[in-house]
Each structure stands twice: as structure tokens, then as C-alpha cells.
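Heads up, the thing below is written out as C-alpha cells.
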Amino acid sequence: RRHGPAYGPGSVALDIGANVGFFAAHLGLLADGTGGRVLAFEPLDSNYEMLTDNVALNGLTGAVMPCPVGLAEREGTAAFYVNPLNDGGGGLRKPASGVSDDGRRYTAAEIEQMGFRDLEAEVVVTTLDRWLDRADVREFLGDSRTVSLVKCDVEGGELGVLRGASAVLGQTARGCRPAWIVEVSADIPEVFTLFSAARYSAFQISVGELTPVDG
């Protein structure tokens, strides 16, 4: 609101790492009826199916487009590392020391002893800039393609998302840049360097306030 029209009706929000659509649905409810649009990115088939179901169940097919791809710094395919204990805990970055669930970490050997198998899936990946340039995406977004908000929660794959999003990082509309809400869990110095190069300021989200962070 503080920045005016660039964040008002007709805005575009991106949910990168949408999982089954919790945030995408909330964003879609805000966008629906205002001309706003939401792109929700989820590469894992099982999660993507639930994402599309949840979008339909909430009557948001006109406001939210589920996108069955992972975002990275290149196009092609990649290994998606599945967390069998948490459907929102997997990603394109291979876990260094097992997987976690509810605050507890399990080693690869412990996961195998539990009987879990097939913990890697091949998924399609592309860059955010290329995806936004697709004809069907441009048609869905309409004339106003200004990205106002990006939520990014990709379990360690943040740097790849950012390296493939140089056009979005450099976008300026009415003097405003898109606001990014990012869970930074890996490559922290490199992530901050990219944002700083794009002239962003960083804040940590805490209860009831935003605290400035020195990158």
C-alpha cells in the first residue's frame, strides 16, 4: 500500500515453491475480482495435482495459474529431492545431512530403515524470466504484467531462482520494485549479493515488525 498503484488492483504475485497452494489460494482470493493474477510454481507431480485441485475448489482458476515447473538458472530437467516426511520439505538442492520433520533431522540411513524409497524425482525446470515470456502466461496475465510480490520458499534453491530472474529483479514500475519474501536457507552471502546488486534493501520478518538487515 505504501508504494501506491504498482501494488494495487491488477497486480501480479508469484508463489515460487507453492506446494499444495496454501499461500497461492490466499493470494488468489485477494486478486480475484480486482484484475490481479497469481502464478504458482510447483514441480513435483503429487504436490502439483493437489495445488490444481485446491485452486479449483476455491473457484480461483481465473486468478491463479498453477505452473508445473521448478525455477532455476537454466532450462531443462533436474533432480528433485523428496522429503518423505514432509511434502513441503523437498527441493532441487540435495540435502547435505538427511531430511528434517518437525524440528528433528533424520539421516539417509534412518530414512532407508523406515522403508522409504525413490527419494529423487526428475522434474522440468526453467528460468523465471523465460516463463514470464511464454505466450500462454502473457495471455493469462493480461496487459499489466508488473510483478508486485514474490514469495519464494524453495528449500535451498533460492540462488538458482534469483540467477534466472534478472529481468524481474531489475523491473521498476512507477518507481517501485517487486517485494520479495524469501526463505534464505543456503548460499546466504551470494543471495544477499544479488539483491544488493539490484538495489534492494533487506529486512528480517519478525512478529509484528520488519527489522533491517545488513547484507
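The values are calculated or read from the model by the stated rules, or taken from the named source; none is laboratory data. Note that the coordinates shown come from a computational prediction; the quantities given were computed from them, not determined experimentally. Glycine gets a Cβ as well: all are built from the backbone with ideal geometry, and neighbour counts include every protein chain shown. Protein only, heavy atoms only, side chains kept; ligands, DNA and RNA dropped before computing areas. Shrake-Rupley method; radii C 1.70, N 1.55, O 1.52, S 1.80 Å.
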A 1.4 Å probe over the protein heavy atoms gives region 24-126 a carbon and sulfur accessible-area percentage of 47
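Taking only protein heavy atoms into account and a 1.4 Å probe, give the accessible area per residue of region 87-136 in Å². Spell out each step's value before the answer.
Details: 3400 Å² over 50 residues.
Here the per-residue accessible area is 68 Å².
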Taking the dipole of the chain about the Cα centre (Lys, Arg +1; Asp, Glu -1; charges at Cβ), the one of Thr193, Thr77, Gly17 that reaches farthest to the positive side is Thr193
Mean Cβ-within-10 Å packing, highest first, puts peptides 184-193, 58-67 in the order 58-67, 184-193
Magnitude of the Cβ-charge dipole (Lys and Arg +1, Asp and Glu -1) of region 34-75 about the Cα centre, nearest 20 debye, reported as 220
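Could you list the trypsin sites (Lys or Arg not before Pro) in region 65-135 that lie in coil according to DSSP, counting only those with at most 16 other Cβ atoms within 10 Å of their Cβ?
Numbers: sites: Arg74, Arg93, Arg104, Arg105, Arg117, Arg130, Arg134; in loops: Arg74, Arg93, Arg117, Arg134.
Here the trypsin sites (Lys or Arg not before Pro) that fit, given the DSSP loop and packing criteria, are Arg74, Arg117, Arg134.
Can you divide the C-alpha Rg of region 1-77 by 2.2 N^0.38 Å and report the result to two decimal places?
1.13
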Within the chain, the percent of DSSP beta bridges that are antiparallel, given to the nearest 5, stands at 45
Per the helix-only model, the chain has a calculated mean residue ellipticity at 222 nm (DSSP H runs of ≥4, -39500 (n - 2.57) each, divided over all residues, rounded to the nearest 500) of -7500 deg cm²/dmol
Farthest towards the positive end of the dipole of the chain, among Leu128, Pro178, Cys67 and with Cβ unit charges of +1 on Lys and Arg and -1 on Asp and Glu, lies the Cα of Pro178
